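The values are calculated or read from the model by the stated rules, or taken from the named source; none is laboratory data. No experiment lies behind these values; they were computed from the predicted model shown. Cβ coordinates were reconstructed from backbone atoms using ideal geometry, including for glycine residues, and neighbour counts include every protein chain displayed.
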Amino acid sequence: MFQPSHFIAHNSKRIIAIGAIAISLIAAATLAGLSQSSTSIWAASHQLAPGSVITAADITRVDATLGRSSRGYYASSARLIGNVVTRPVGILEFIPLNALAQPGSATDFREMPLGIAKSDLPADIAAGERVDLYSVPKDAGAQTELVGVDIHIKSVDKSSRDLGGAVSVLFLLHEKEIMAVMDSLSSGRIVVVRHAL
């Protein structure tokens, strides 16, 4: 006669092992689903030139899997029509926060000085260049994330570069990017990378 208690006692190790495998598979599937979740972001329907005013024909919604890097771009819930383009945006390029400004307003941008470690920016970086800013957290388990896209460099203090340590760089940041950069400084450091486009 089959006795469940005897069966469980005799096969307890096997049951625990199968349960552990099942739990790990469920957890892996859940994480994979989270990592594959997409975000709806505004992209340019065609090339946008500085000075042009955004209309409905200029933008399109695109679903993308960017993780936390999506914070650097306009979500499709943002109202962009009527805003002025402040820098070139390529066709189907995600629209960065610093690519648009309110009509007749230059106050959307701020000059922000940052001390960047010499090893965290290109050695020959100069004023006028455009860069991306990445947050590298102190916690080894945390992810690096993009906190500033296509940022304009106003000036680089060459004398601070010669002294060693941090290099003083003056960035022109959109006001929406400033808090993300400040949060990054409190939890890690900023790495400067030349913008790809």
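Could you check the stretch 118-152 and list, in sequence order, the residues that are over 20 Å from the mean Cα position of the chain (by Cα) and either outside the structural domain of Glu177 (by TED's automatic domain parsing) or over 30 Å from Ser52 (Cβ atoms) (or both)?
Residues of the stretch 118-152 over 20 Å from the mean Cα position of the chain (by Cα): 118-119, 123-128.
Across the stretch 118-152, the qualifying residues are Lys118, Ser119, Ala123, Asp124.
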task: All but one of (1) outside the structural domain of Lys176 (by TED's automatic domain parsing); (2) more than 15 Å from Lys176 (Cα to Cα) hold for Ile95, so report the exception by its number.
output: (2)
- request: Mind counting the residues in the stretch 118-148 that are modelled with pLDDT of 85 or more, of a type in the set (A, V, I, L, M) and farther than 11 Å from Val191 by Cα?
  value: 4
- request: Within the stretch 53-92, work out how many residues are surrounded by 13 or more Cβ atoms within 10 Å (Cβ to Cβ), assigned to a loop (DSSP other than H, G, I, E, B) and either under 18 Å from the mean Cα position of the chain (by Cα) or among the small types (Gly, Ala, Ser) (or both).
  value: 4
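Count, please, the residues in the stretch 172-192 that happen to be part of a strand (DSSP E or B) and loosely packed, with under 14 Cβ neighbours inside 10 Å. Before the answer, list the steps.
As a first pass, look at the stretch 172-192 and keep what is part of a strand (DSSP E or B): 172-174, 188-192.
Going one step further and asking which of them are loosely packed, with under 14 Cβ neighbours inside 10 Å, we end up with none.
The total comes to 0.
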message: Taking the criterion of being under 30 Å from Ser159 (Cβ atoms), modelled with pLDDT of 90 or more and surrounded by 11 or more Cβ atoms within 10 Å (Cβ to Cβ), would at least one residue in the stretch 93-113 satisfy it?
response: yes
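Can you find even one residue in the stretch 162-171 that is exposed (fewer than 14 other Cβ atoms within 10 Å of the Cβ) and either in the same structural domain as Gly67 (by TED's automatic domain parsing) or not in a loop (DSSP other than H, G, I, E, B) (or both)? Write out each step before concluding.
Residues of the stretch 162-171 that are exposed (fewer than 14 other Cβ atoms within 10 Å of the Cβ), as a first pass: 162-165.
Still in the list and also either in the same structural domain as Gly67 (by TED's automatic domain parsing) or not in a loop (DSSP other than H, G, I, E, B) (or both): 162-163.
Yes, there is a match, as at least one residue in the stretch 162-171 is exposed (fewer than 14 other Cβ atoms within 10 Å of the Cβ) and either in the same structural domain as Gly67 (by TED's automatic domain parsing) or not in a loop (DSSP other than H, G, I, E, B) (or both).
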query: Considering Ala140, Ala117, which residue is over 16 Å from Tyr73 (Cβ atoms), loosely packed, with under 14 Cβ neighbours inside 10 Å and touching a residue at least 40 places away in the same chain (Cβ under 8 Å)?
result: Ala117
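Which members of the stretch 120-136 meet the condition of being surrounded by 15 or more Cβ atoms within 10 Å (Cβ to Cβ) and either without any contact (Cβ under 8 Å) to a residue 40 or more places away in the chain or not in a loop (DSSP other than H, G, I, E, B) (or both)? Outline the logic, then answer.
Kept after step one, since they are surrounded by 15 or more Cβ atoms within 10 Å (Cβ to Cβ), are these residues of the stretch 120-136: 120-121, 125, 129-136.
Hits for the stretch 120-136 are Asp120, Arg130, Val131, Asp132, Leu133, Tyr134, Ser135, Val136.
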